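What follows is a set of notes on a single structure, which appears directly below.
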Amino acid sequence: MIESVFRRYGPVAGLLVVLFLLLIAYLLAGAGEAGGLPPLDAPRVLILFAVGVFAGVLGGLLGVGGATIMLPIMYFYLGFPETIAIGTGLFVVIFTSLSGAYGHVSRRNADLAVAKWLALGGIAGVIAGSWLFTLLAGETGLLGLILGIVFLVPAIQMIREGLFQREPARGYAVGADRPAWAVPGFGLVVGVLTGVTGLGGGYALVPGLIYIFGVPVYVTMGTSLAALIPMAVIGGGIKVVQGFVAVGAGLILALGSVLGAQIGAATIRRFSPEILKLIFGLYFAYAAIRFIAEYFGVALP
């Protein structure tokens, strides 16, 4: 019993300890946040941690990195510049995906072979996307408008199926009726979007795996998070080097997200596939509408 608990939660506890020590060292070194960034006072620290937990729960439950939650709160409510919010969100996705993917893999809710091919394409894509980010920093609103319009389609589909259809139990063979390059090619596209927008990519991976490749809902969430790990590591690392990460705020968010992702991964089987589709569809619709509204200068909560 003890050995089983340690095997399931030991690595996560180790990750939390490392993050906490890094945060303490960062604060004791007097680094604080760079000039022009909001100070890490007590209210902001508590808000960042709570946001991290919430984003992590969504990450573990829905197979996303949670950046669509963290980014707008950092930008609209906590006063971080947009580019810093984008970079910090992607930095935190590293830890959300690590924790969530481990939680799903330990419960056999992931297809690691599919995740590997997605990640291979995604790595190339996130490098290209991070380069494009430096060129399109002033045009992210237009990209957001395009993403928002495109993402409304799977959002509406998932909400409809969540409300009115039941998912039949079935086997699946990813790519059986697709060309060999389809899975890594899809990963490449998601990687480019990840590098440009700073969002983890789960918002595209999850509906793509369900509707393009026919992966069952439960397996999709863990597969998405596992594929996000290398994309987030490379994309987040590049953002750190480029100076687009508020390290202190990112570490606080990461502590919360690691905890939250475990909660999401542990509770996913308590929900039916239809409920998961409905939840993700609503979440996805919110993200899409928010992209569109931001382009027209409308701030949504």
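Data for the structure
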{"item": "Neighbour-count ranking [beta-carbon atoms within 10 angstrom, fewest first] of 277, 116", "result": "116, 277"}
{"item": "P(r) histogram, all alpha-carbon pairs of the stretch 182-261 included - 10 Å bins from 0, percent", "result": "17, 46, 29, 8"}
{"item": "The chain, relative contact order [Cα under 8 Å, separation at least 6], %", "result": "38"}
{"item": "Gyration tensor (Cα) of the chain, equivalent ellipsoid semi-axes in angstrom", "result": "28, 23, 18"}
{"item": "Cβ-derived FRET efficiency at R0 41 Å, residue 275 paired with residue 182, nearest 0.05", "result": "0.90"}
{"item": "Choice from 221, 74, 231 with maximal GNM fluctuation in the chain (Cα, 10 Å cutoff)", "result": "74"}
{"item": "Calculated FRET value between residue 298 and residue 47, using beta carbons and R₀ = 22 Å, to 0.05", "result": "0.45"}
{"item": "Assigned charges on the beta-carbon of Lys, Arg, Asp, Glu; the chain dipole about Cα centre (debye)", "result": "720"}
{"item": "Where labels lie 7 Å past Cα in the beta-carbon direction, separation of residue 149 and residue 212 in nm", "result": "2.0"}
{"item": "Of the DSSP H helices in the chain, those whose Cα atoms cover at least 27 Å axially and whose Kyte score averages 1.0 or more", "result": "2-28, 42-62, 82-106, 112-135, 140-164, 217-242, 247-267, 273-295"}
{"item": "The chain, helix-only ellipticity at 222 nm - DSSP H runs n ≥ 4, -39,500 (n - 2.57), divided by all residues, nearest 500", "result": "-25500 deg cm²/dmol"}
{"item": "Computed lengthening from residue 156 to residue 24, 0.36 nm per intervening residue step minus Cα-Cα distance", "result": "43.1 nm"}
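Any read-out appearing in this document is the output of simple, stated calculations on the displayed coordinates, not a laboratory observation. Keep in mind that what you see is a predicted model, and the values were worked out from it rather than measured. Using ideal geometry, Cβ is built from the backbone for each residue, glycine included, and neighbour counts are taken over all protein chains shown.
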